[in-house]
Each structure stands twice: as structure tokens, then as C-alpha cells.
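Reviewing the structure listed below.
The values are calculated or read from the model by the stated rules, or taken from the named source; none is laboratory data. Treat the numbers as computed from the prediction; the structure is a model and nothing was measured. Quick reminder, even Gly has a Cβ in these numbers, built from the backbone with ideal geometry, and neighbours come from all protein chains shown.
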Amino acid sequence: MAEQWRPAWWSISGRQIPTEMAFRVRALQKGELDGLLLCFQDAFEVDDASISVVRNSLVNDPYFHPERVRVGLLDGRIVSQVVILHRAAHVGNEVISVAGVTAVCTHPAYQRQGFGTRVVQDALRLIRQQGYDMAMLTTRLPGFFSRFGFREVPKINGFECPARALSRLEPADPYTTHKLDYNRHWRTVAGIYRRYAVGLTGLQVRDYRFWETWPRRGTFPHGFSARLGAIGLLAEHEDQPVAYLAASVSPAHDHLSVTDLAHLRGHEQAALALLREAAASYLTGASGRAVLQVGGNAPVMSHLRAGGVPLEVEVGPGLMVLIPNRDWLAAAGLRNVNDAAEQLFRSDPPILWHRDGY
């Protein structure tokens with residue numbers, strides 16, 4: 001049911017007058033996406049190109065549902081909002097549901113009136129009602145969200161290393177690598193990821209809807225986009241695909257961001273072959289850097305260290321989590337919420353962090 005709040009007075013041009021205007025919180029309705037994006041644009045002062053990216057990612061998100069977009073309306077206009085992205089993630093052998101809380105904002109003209117608080121409260125009501133195991137968000141205002149039970153945990157964007165170190169890797173087994181044709185290979189890629197992700201804490205559960213829509217989303221880590229310098233590589237062993245890599249390259253060709261890397265069990269060396277090929281083929285600067293967004297407990301990490309790749313990880317603030325449902329903790333081998341925070345987010349390095357649009 002929509003929540004309503006009616007102020008006793010309203011100020012127009014410095015004059016307080018009684019009003020019947022109602023602040024209402026409800027789900028996004030058909031035809032209101034433009035109003036949602038306009039509020040987002042005004043709140044964060046982003047340009048039209050950035051708004052186009054946000055629109056594209058929402059429209060092509062296979063799990064998007066208007067019910068999970070909570071909007072606060074004043075006199076029919078969206079002035080505050082919260083978007084909940086539906087995701088699922090592996091935690092050991094368990095699969096948990098994750099609510100990615102994003103696009104939280106209030107229009108600048110209506111801030112500090114409690115509207116944002118009302119919308120966040122309604123979003124959390126829905127998250128609990130729909131039985132989500134965990135909620136995650138990134139923010140520059142941790143104090144605001146801590147009022148609702150969110151706790152701040154370490155946030156990392158990936159592991160950074162010199163690209164030259166990747167280009168010098170020498171995989172122990174022979175693998176052939178070639179460019180990935182997504183339209184032709186997406187089912188193969190999906191099969192590799194499905195077997196790779198099981199039991200690997202922090203990786204998102206991806207069904208076929210994810211893979212079918214990946215190219216259309218066009219932003220990393222969500223898709224292949226020539227405009228963003230996207231590349232895809234596939235590794236084969238005895239003519240059988242065993243690993244894939246998705247990455248983006250900066251316009252200056254001196255920065256490589258590996259946003260997806262997966263391999264079949266026993267073929268960790270194929271991942272090394274892909275990293276070597278990506279660094280050697282797509283980076284031209286001797287001082288180029290590579291950022292690997294592959295997960296803190298990814299099997300390939302130990303092989304990179306053994307191969308002499310100097311990995312650095314930047315850990316900082318900005319990620320917050322809430323565990324509204326605790327029923328899954330024991331099954332995942334976690335004693336309580338504090339134990340979950342320590343093992344999942346405060347290990348060295350953290351094995352679970354904001355990625356894949358959480």
C-alpha cells in the first residue's frame with residue numbers, strides 16, 4: 001500500500017500556506033521512467049550521455065521490475081526514489097538473494113524534508129517482504145544509511161598490476177586463444193561461467209536471460225560495447241572452449257579493465273593465457289596498468305602470485321550491507337551477522353564486494 005505524508009504547511013515563494021498536496025510512496029508506473037531519470041539527473045548533476053547509459057542498463061536488465069522501483073511523488077512529480085536491482089549470489093554452496101540498492105536520491109529542491117527517508121524505509125519494507133537475504137549499496141553518505149541498519153564494509157574495485165607482468169605470463173599448458181564472437185559463443189560462455197561460479201563465494205548467479213541481454217546493456221561489467229573499447233577472448237584446449245575473458249581498454253590504450261574471467265575446473269592456466277593475450281595484444285604503453293575485477297577468492301589469483309605478478313588492491317569505504325534475513329547464515333557456515341561481515345567482507349582481501357550491478 002502506498003505510504004502518504006501530508007505536511008500541514010507548504011512554502012511557496014517564502015509564503016507558508018496550508019496545502020492538500022500529498023507526498024506518496026509507491027511503485028514506478030508505466031510512463032514514469034523519464035520522470036525517474038530526470039530526478040536522478042538533477043540530483044547527481046550528470047550529463048545526457050550518462051543518463052542514456054542509466055536508461056539503457058535499466059531497460060535491458062532482465063530482472064528489472066517496476067514494483068522494485070520505489071518513488072516518492074509530490075503533486076504528481078517524482079521527487080525522491082530508490083531502485084532495487086534483483087540479483088542472486090553464491091556464498092559457498094549456498095545461493096542467496098541480493099537486493100542491489102541504487103539510484104537513491106531526492107531532487108535538490110526537495111531535500112532535507114524527510115522525503116528520502118520515507119522512500120528508503122518503503123524500499124526496505126519491500127526488501128524484507130520479498131525475503132531478500134542481503135542488501136548492498138555504495139554511497140558517499142554512510143551516516144544516512146547506518147540509521148536504517150546498514151553497516152559499512154571494505155570496498156575494492158579490483159586488483160591492480162602492471163600490464164607488462166601479465167604479458168610475460170607463461171601458462172604451463174598449451175591453449176589457443178582467439179576473439180570471442182558473442183552472438184556465436186554466448187551459450188558456450190554461459191556454460192563455462194555456470195560451472196565456474198558454483199561454490200565460488202561472491203559470484204552472481206546468471207541465468208540465460210542475463211546472457212541473452214548482456215550485449216544490449218552496453219556498459220561494463222554488463223556487456224560488450226565497441227564504443228567502450230570492449231574486447232572478448234576465448235581459450236580452447238584440444239578444440240574445446242575452456243575459458244573466456246571480457247575486458248575494456250581505455251582510449252589511450254594504456255589501461256586494461258578485466259571485468260569478467262571464468263574457466264572450467266582444472267583449466268586455471270587457460271585464464272593466464274587469456275590475461276597474457278589481452279595485455280600483449282591490446283595495450284601499447286610500456287607503463288600500462290591492468291585492473292582485474294575477478295573476485296578476491298578467484299582460483300586464478302594464487303597462480304598470478306606464483307607467476308610473479310605484483311598485485312595491489314585498494315581497499316576503501318563506500319560499500320554498505322544489510323542482512324535482513326538470517327536464515328541462510330548457518331547453512332553457509334556463518335555463525336551470525338558479525339561473522340558474515342568478517343568472513344565475506346573483511347578477509348584479506350575481501351572476497352565479496354560491489355560488482356555485477358549489485
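Go over the candidates A340, A331 one by one and state the one that is within 20 Å of Q204 (Cβ to Cβ), touching a residue at least 60 places away in the same chain (Cβ under 8 Å) and either loosely packed, with under 15 Cβ neighbours inside 10 Å or not assigned by TED's automatic domain parsing to the domain that holds Q240 (or both).
Among A340, A331, only A331 is within 20 Å of Q204 (Cβ to Cβ), touching a residue at least 60 places away in the same chain (Cβ under 8 Å) and either loosely packed, with under 15 Cβ neighbours inside 10 Å or not assigned by TED's automatic domain parsing to the domain that holds Q240 (or both).
Does V321 meet the test of being of a type in the set (A, V, I, L, M), part of a strand (DSSP E or B), crowded, with 19+ Cβ neighbours inside 10 Å and under 24 Å from the mean Cα position of the chain (by Cα)?
yes
Taking strands (runs of 3 or more DSSP E) that do not extend beyond segment 68-113, which have at least 2 residues that are within 25 Å of D133 (Cβ to Cβ) and polar (S, T, N, Q)? Explain how you work it out, then say what you get.
On the way: elements: 69-74, 77-91, 94-106.
Where strands (runs of 3 or more DSSP E) fall fully within segment 68-113 and carry at least 2 residues being within 25 Å of D133 (Cβ to Cβ) and polar (S, T, N, Q), they are 94-106.
If you scan segment 125-143, which residues turn out to be in contact (Cβ under 8 Å) with a residue 12 or more places away in the chain, over 14 Å from I84 (Cβ atoms) and assigned to a helix (DSSP H, G or I)?
Answer for segment 125-143, where residues must be in contact (Cβ under 8 Å) with a residue 12 or more places away in the chain, over 14 Å from I84 (Cβ atoms) and assigned to a helix (DSSP H, G or I): just P142.
Taking the options V25, V79, V83, V71, name whichever one is at pLDDT 95 or above and in contact with a Leu (Cβ under 6 Å, 6 or more places away or on another chain). Working first, answer last.
Details: V25 fails: in contact with a Leu (Cβ under 6 Å, 6 or more places away or on another chain); V79 fails: in contact with a Leu (Cβ under 6 Å, 6 or more places away or on another chain); V83 fails: in contact with a Leu (Cβ under 6 Å, 6 or more places away or on another chain).
Checking each option against the conditions leaves just V71.
Inside segment 144-171, can you point out the residues that are among the polar types (S, T, N, Q) and either buried (at least 19 other Cβ atoms within 10 Å of the Cβ) or not in a strand (DSSP E or B) (or both)?
S146, S167
Yes/no matrix, rows are residues, columns are (1) at pLDDT 85 or above; (2) part of a helix (DSSP H, G or I); (3) among the acidic types (D, E):
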site: A270; (1), (2), (3): yes, yes, no
site: L275; (1), (2), (3): yes, yes, no
site: S287; (1), (2), (3): no, no, no
site: G296; (1), (2), (3): no, no, no
site: H303; (1), (2), (3): yes, yes, no
site: V309; (1), (2), (3): yes, no, no
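Rundown of residues vs (1) in contact with a strand residue (DSSP E or B) (Cβ under 6 Å, 6 or more places away or on another chain); (2) more than 27 Å from G199 (Cβ to Cβ), yes/no style:
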| site | (1), (2) |
| --- | --- |
| A271 | yes, no |
| R289 | yes, yes |
| A298 | no, no |
| H303 | no, no |
| G307 | no, no |
| L311 | yes, no |
| V315 | yes, no |
| V321 | yes, no |
